[in-house]
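Inspection log for the structure reproduced underneath, given as structure tokens.
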Amino acid sequence: MLFGVKLSNEIFPPWKDHYINYERLKKLLKENTIDAGSKKGKSAWTDHEESQFVAALDSELEKVYSFQATEYGLVNKKIESLEKQVEEINAQGDKEHVEWEPFQQELENALSEARELDQFARLNFTGFQKIVKKHDRLHPNYNSVKALLSIRLKELPFHSEDYSPLLNRISQLFQFMRDNLKTGSYISTSLSASLNTPAASSLSNQQDLDYQSFKFWVHPDNLMEVKTLILRHLPVLVYANETDDNPSADPIITSLYFDNSSFELYNMKLMKSNTSPSLRLRWYGKLSDKPDIFLEKKIVDKTDDENSRDIRLKLKEKYLNDFIINHDVEGFKQKTLQRVKEMGTSEQIINGISGDIDEVGSFISELDLQPALRSVYTRTAFQIPGDDRVRVTIDSDISFIREDAFDEDRPIRNPDEWHRTDIDNAGSDLHSVLRKNEFTKFPHAVMEIKIKSTSKRKASQANGISIPFSRKHGKWIEELTTSHLVKEVPNFSKFIQGIASLFLEDDRLDMLPFWLPELEDDIRMNPNQAIEEEKKKAKNQTDMKTRLQRIEDAPSRSQDRNAGINVEDIDHESSDDEGGYSAPKRKQKTEIIPFLTGGSKLANVDSEDEEVELPPGVMKPKTLLKQAGALKIEAKIWLANERTFNRWLHVCTLFSALTFAIYGAVKKAASETLATNMAYLYFFLTLFCIFWSYYIYIKRLSIIKERDGKHLDAPLGPMVITIGILVAIIVNFVSGFRHAAAQITVQDAEPLHPLIQYVLEKTYHLVGAEGY
């Protein structure tokens, strides 16, 4: 979509005259009359027109900044007025006779204006960037205006305004309403449900709490709208940090993830092994401010929930090198326990801390772990104080930075330090320190919804999102998660994303996350399109339920028809859980050793083509439904096929080297005939490897493109190679012993141990050696 069309569609009508006049600036550039790069175009643009455009650009920038600053001040005054009303209500003490409707209306207006102001800044900033880029493209013979725009944006920073303080204050006002309103007569249904949420103490005696976590991507353009939607129902959690100059701002969190040079933790977590541990360091704010540093180890055991547990140790920065780099576990433990004892901690807790330190220390030493990845992001958390049944966190401005020292010749981090000192030094500019391939920025924000429910509900089928909605919070959460504002990404992990994006070309990564190709797509969606998709999804779910109901009812309706069928003749693949029945077995087509050629493992199952007879006039489609639509294959599938092909080529290279080495040494061999035959055998294996690797690569490529259900395994090639090598080894063995026997005479034979003598005689006899 052209930006001019996008701007006209997304402007806030009351502020229409205060947006950048994009069309006027385009006319000043003479885009329609100048051919970029041509001699005629260069001569048509004059210095006067250049000055006129720059003046107009600066005027538009002044206009946008002035309006943004004025509106920000008005929103701030509205919030101050509401805060004064709260103070007056608290001073009077009579909250039952307060008119809440005007208060809530004013609060909603302030929230809406804050959201629109954020969108206003985003649209205008994009417009200025677009028009400057267009100028530089159309008039390359003039100086770039980009530098001028950067200087003016520093003086008029309408695009960098932080709205977190406003949202935090609005959140406190909504919380004031939750604390004092007893009814929802003045508010919407969804907000009423949130305001009437009972205290967490009412759940203290309830058991069987089910905890689940769900993750979503949020585009930066939708971030402000998502935040304003959430804080209508959940207040913003303010992180108390004494060293922070702005305590109302969202905290910057740094996580340092551990792994080894083989990426064992990454591969275990991505391949969803039964036990997948993880280890990280975490702190809030700048390291130069001496924050608390936490070492967190998380163990997830899918076979036994009792073995799943978290370890969290609070560490001092000065002890980290000894513990992590030098592996001085005992020294670190003594210093830590001494400090804990001075605080008057009980003996039981001290023993627990001691065991945790030993466990983490041995975990680091056994797997040879080291800091490998740094993740830096800003976190906004929403939760009702004292009630942890619903908590929402949004991590934005996510950056991933390499922290490893895997390459001993060119380490990213000093191997003798537990962190990159060039980044954490006070006053250092992050972008001036980092090189191009050392960091990457995640394009979206990550929203996580954590829910505790009092009963284990099945996943919601109506919207396709597996969230156990509660009565109090269900409606607004469902509206948010099924809206066009977010995109669900199950099992998303910042650790996996960071490793995959920074070490993408590394052969040590066995797998890549399934969501990686989706980062190239625009996750933004038109609201009308989202509504239509939800309607289609709901209709499909309804049709599916109807079909399943028919299948479940089928046995009872057809019981009389199938009364004569013997139970022993029913297909053994049928399942009682599916509620259906199967026809008697048919004779299947046989295939000689089907597993050698990679044939389907479901070859003995009845084919749909055999069971379905098309009615007259109906033709079998040339393109199946599974092959329709855009081809979206995960990157790891392509890479796995290419990686297998490359490994086959590696085997071909080894065989060819062995072939020419043997053939070149034929004259020096004890048996020239044998050496020549061995060279021919290895040459045959070389040719077979070349043709087989190409055949399998093309075949699997075709299966992937056609979305075929055939299996990709084909063990014929490895079996031929194995048999060929085995034959070569046996022939060499037999020939070698025969030659050795022919060279030994009775006079030359040295006396041997009787057992060795017996083994040699039997071996020579077995290989047919004569004269021994």
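We did not get these values from a lab; they are worked out from the coordinates using the rules stated. All values reported here derive from a predicted model rather than from experimental measurement. Positions of Cβ are generated from backbone atoms using ideal geometry, with glycine treated the same way; all protein chains shown enter the neighbour counts.
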Can you give the relative contact order of segment 3-161 as a percent, counting alpha carbon pairs under 8 Å and 6+ residues apart? 36
If 287, 149 are placed from fewest to most neighbouring beta carbons inside 10 Å, the sequence is 287, 149
If R0 is 51 Å, what FRET efficiency do you get for residue 684 and residue 410 from their C-beta distance, rounded to 0.05? 0.70
Note down the nm distance, to one decimal, between modelled labels 7 Å out along Cα→Cβ at residue 6 and at residue 438. 3.2
Could you list 72, 682, 663 in order of exposure, starting from the residue whose Cβ has the fewest other Cβ atoms within 10 Å? 663, 72, 682
Taking 446, 64, 376 and counting other C-beta atoms within 10 Å, the order from fewest to most: 376, 446, 64
Which distance in nm do the two modelled labels at residue 70 and residue 262 give, with both placed 7 Å along the Cα-to-Cβ direction? 6.7
Residue-span extension gain [residue 161 to residue 722] - 0.36 nm each, minus C-alpha spacing: 195.2 nm
In Å³ per residue, the alpha-carbon convex hull of segment 635-766 encloses 145
With bins of 5 Å, the percent of all Cα-Cα pairs of segment 3-161 per bin from 0 is 1, 8, 15, 16, 14, 11, 9, 7, 5, 4, 3, 3, 2, 1, 1, 0
Subtracting the Cα-Cα distance of residue 89 and residue 518 from 0.36 nm times their residue separation yields 149.4 nm
What is the extension gain from residue 388 to residue 711, computed as 0.36 nm multiplied by their sequence separation minus the C-alpha to C-alpha distance, in nm to one decimal? 111.6 nm
With the 8 Å Cα cutoff and a minimum separation of six or more residues, segment 635-766 has a relative contact order in percent of 23
Tell me, what is the FRET efficiency for residue 660 and residue 275 to the nearest 0.05, using R0 = 56 angstrom and their Cβ-Cβ distance as r? 0.75
